[in-house]
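Worksheet for the structure shown next.
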Amino acid sequence: MLFPAWLLGVAILAAPDPAAAPKAPTPTPPTASGTFEDKHYKVPINGAYAFREKAWMDDGQAIRVAVSNDEIPSDALDEHYDRTHAINTLFADEETKVVYFELDEKGGYHGYSYYFESGDGCGYCFDSKVKSTVRPADGRLKGELSFAGDGVQFRIQLDLPIPPKSWGDPLPKDGGEPGKAFLAYHAALEKRDQKAILALSDADMKKRFHEYETQGKLEGYLDYRWHDEHTDLKTIAITGGFVRGDHAVVLFDGSNAYIDHLYGEAILRRENGAWLFHRDMVDVGTREK
């Protein structure tokens, strides 16, 4: 797939500063190969991403590994808290297929899940015949997952970093300074206050703002952000979040005129000492505890 606009800011902010001090070597990126095949699709595996999320069958945490026929943008997804929602909303599409595997700390297999199209998928599948040689070694998960069953078969080689156990340091329940910045952005967007929106946006969003302004499409773009991405939020109750260096994620519950229970996350970046809005995602329902 062509990486959407939401990924471009990662490349912009990650560009090296010639004057900056030398940094530690970048860890080897995740790699994956093999195939996943069901009755309708044969998917070559070209990318993988590991993260932590609530286990499918108990209340604990598990390692979730997403594999895809496309390269998965790890740096962009690292900014999100609900990685599954981010992958399904911002990455997966008709051409870009994603399969999730659940593993434990020792690399043991606990199930898989996928959705390719209506009538083609599995919310949670487990078969004791799945073979896993995946093991932790030198801070990475390495090995193979393989299975040949009725209608589904796969053989996938993995080599990817073990994900950290926490997103970062907890924010206060009100979201702290990042939370205040998000609420200020929300108020500005609701009023379509272009000057305030620009001031509260990070470098990536400012760039996009000016592009639409130049094209004479800024009003339509801001309407899209309010209705389609911000989902007409009328109430926002921040429930906490996390901070990691110059990146923060603010978690919230909310509602609008037509849905009583919504939840989401806002991503903010600190630039020149100020917390600025990057993007938010909203989902229907309540966040799993």
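The values are calculated or read from the model by the stated rules, or taken from the named source; none is laboratory data. Values in this document were obtained by computation on a predicted structure and should not be read as measured data. Here the Cβ is made from the backbone with ideal geometry for all residues, glycine too, and neighbour counts use every protein chain on show. Accessible surface is based on the protein model in full, side chains and every heavy atom, while ligands, DNA and RNA are left aside. Shrake-Rupley method; radii C 1.70, N 1.55, O 1.52, S 1.80 Å.
Laid out as a table, the results:
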{"item": "Under the span-like rule (Cα at least 15 Å along the axis, Kyte-Doolittle mean at least -1.0), DSSP H helices of the chain", "result": "176-191"}
{"item": "Label-point separation in nm, Asn88 to Asp253, each point 7 Å along Cα→Cβ", "result": "2.1 nm"}
{"item": "Net charge contributed by nearby residues that have their C-beta within less than 13 Å of Tyr41 (K/R +1, D/E -1)", "result": "-3"}
{"item": "With all protein chains modelled, accessible area of Ser113 [1.4 Å, Å²]", "result": "20 Å²"}
{"item": "Reported label for calculated mean projected area of the Cα convex hull in nm² given (i) 16.7; (ii) 18.4; (iii) 17.6", "result": "(i)"}
{"item": "Chain lengthening between Lys173 and Lys106 when straightened (0.36 nm per residue, less Cα-Cα)", "result": "20.8 nm"}
{"item": "Residue-averaged [θ]222 nm for the chain, counting only DSSP H segments that reach four residues, each worth -39500 (n - 2.57)", "result": "-6000 deg cm²/dmol"}
{"item": "Low-density loop cleavage sites - chymotrypsin sites (Phe, Trp or Tyr not before Pro) in the stretch 236-289, where at most 16 other Cβ are within 10 Å (DSSP)", "result": "Tyr258"}
{"item": "For Glu219, net neighbour charge (Lys/Arg +1, Asp/Glu -1) across residues whose Cβ lies under 15 Å away", "result": "0"}
{"item": "Solution diffusion estimate, µm²/s, Stokes-Einstein, the stretch 157-289, Kirkwood Rh from C-alpha pairs, 4 °C, viscosity 1.567 mPa s", "result": "83 µm²/s"}
{"item": "Ratio of the Cα radius of gyration of the stretch 125-230 to 2.2 N^0.38 Å, where N counts its residues", "result": "1.79"}
{"item": "Separation between Cα centres of the stretch 53-107 and the stretch 203-246, rounded to whole Å", "result": "24 Å"}
{"item": "Net +/- balance of residues flanking Asn69 in space, Cβ distance below 13 Å, scoring K and R +1, D and E -1", "result": "-4"}
